[in-house]
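Report on the following structure.
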Amino acid sequence: TSQTFDDIKLKTLAKEHSNTFESNNNWSWFKEKYIDELSNKENWYKIMSVVLTNKGLKKPSENWKKEIKKELKSYKIANFFSELNVLINSSIKEDFWFFDENKQVLKGFIWICQFFPSESSLLILKNIIEAAYTKKPGIGPRSTAIGNLGLKALVDINSNTSFGILNLLLNKTKYQRFIKAINKHIDLFKESSDEPVEFLADKAIPNFGFINGIKKVTYPEFEIEYFFKNQKLSKRWIFNGKTTVGIPKEIKGKFKEIEKEISEE
């Protein structure tokens, strides 16, 4: 079978930089500050090594897709997105993400969210888009290229949830340049959707796993319930049949990575 130039380039980069992420001095600080704080850091070393080989790619090549999907499926996809959520939420306000090579990694994360669309992955997309369109005084958005790539991903996913995310973005911002970009992509979504426009409006806001105002997440030793109190999101812990607002002392500090995931959720 014939190979594209991008496929050949990707294989060459992978061969030259085996274990790229761990040996890359430019990313050593990021590894220590963020990746090493994740539960499945060894999996992340491999994932980041593949992600870094997307340098120079304008769109994901078939070989890149194959390699990244292979690494992601080595452990539960849901676990990956829980940790990606922690990673993005804890770091996305830093400007380093919007420099050249780092921007390519964000591209990789956007592509991955598009490969595996779910409420979790689309919320991550939302956070990346909002950060990219954050206005810098005297400059403009931090990166329209990344913001528009994320908006296009929501259109291409073409689901009720992705349409809901577009509407959430529109309802939250007052930045006219961002509003214009969102409206452009909402129009593109409507053009590509099989759903009548009047029905799309009724499905605009996803429920993010909440049923009757409560979302329950089960872990091996406890459960977490997220709920709304006075229009604010709160959480409570359920451990050994007892419900508490704060983390029970019996498990406090035993699951630091999970506690971080819960806070980011």
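On a 26 Å Cα-Cα criterion, which of the cross-link pairs 33/242; 232/260; 190/235; 69/180 come out too long?
As for pairs spanning more than 26 Å Cα to Cα, those are 33/242; 190/235; 69/180.
Computed over the range 6-153, relative contact order equals 19 percent, with contacts defined as Cα pairs under 8 Å that lie 6+ residues apart.
The phi-based Karplus calculation (6.51 cos²θ - 1.76 cosθ + 1.60; θ = phi - 60°) puts the 3J(HN,Hα) values of the range 223-231 at 10, 10, 10, 9, 8, 9, 9, 6, 6 Hz, whole numbers, x for Gly and Pro.
Based on protein heavy atoms only, the range 17-72 ends up with 54 Å² per residue of surface accessible to a 1.4 Å probe. When you count the other C-beta atoms within 10 angstrom of each residue and take the mean per peptide, 57-63, 22-28 line up highest first as 57-63, 22-28.
Given the pairs 70/252; 93/215; 46/76, which are separated by over 24 angstrom at their Cα positions? Distance filter (> 24 Å) returns 70/252; 93/215. State the percentage of accessible surface on the chain attributable to carbon and sulfur atoms; use a 1.4 Å probe and exclude ligands, DNA and RNA. Of all accessible area on the chain, carbon and sulfur atoms account for 49 percent.
By its C-alpha gyration tensor, with a ≥ b ≥ c as the square roots of the eigenvalues, how is the chain shaped: rounded for a/c under 1.5, else prolate for a/b larger than b/c, else oblate? It is oblate, given that a/c is not under 1.5 and a/b is not larger than b/c.
For every helix of n ≥ 4 consecutive DSSP H residues, a contribution of -39,500 (n - 2.57) applies; sum these over the chain, divide by its total residues, and give [θ] at 222 nm rounded to the nearest 500 deg cm²/dmol.
Working: 13 runs with 148 residues, N = 265.
That comes out to -17000 deg cm²/dmol.
First check a/c for the range 157-265, with a ≥ b ≥ c the square roots of the eigenvalues of its C-alpha gyration tensor; if it is under 1.5, answer rounded, and if not, answer prolate when a/b is larger than b/c or oblate otherwise.
prolate
Name the shape class, rounded, prolate or oblate, that the alpha-carbon gyration tensor gives for the range 104-175, where a ≥ b ≥ c are the square roots of its eigenvalues, rounded holds for a/c under 1.5, and otherwise prolate holds if a/b is larger than b/c and oblate otherwise.
It comes out oblate by the Cα gyration axes.
The values are calculated or read from the model by the stated rules, or taken from the named source; none is laboratory data. Small disclaimer: the values here were computed from a predicted structure and weren't measured. Glycine also receives a Cβ, built like all others from the backbone with ideal geometry; neighbour counts cover every protein chain displayed. For accessibility, only protein heavy atoms count, side chains too; no ligands or nucleic acids. Shrake-Rupley method; radii C 1.70, N 1.55, O 1.52, S 1.80 Å.
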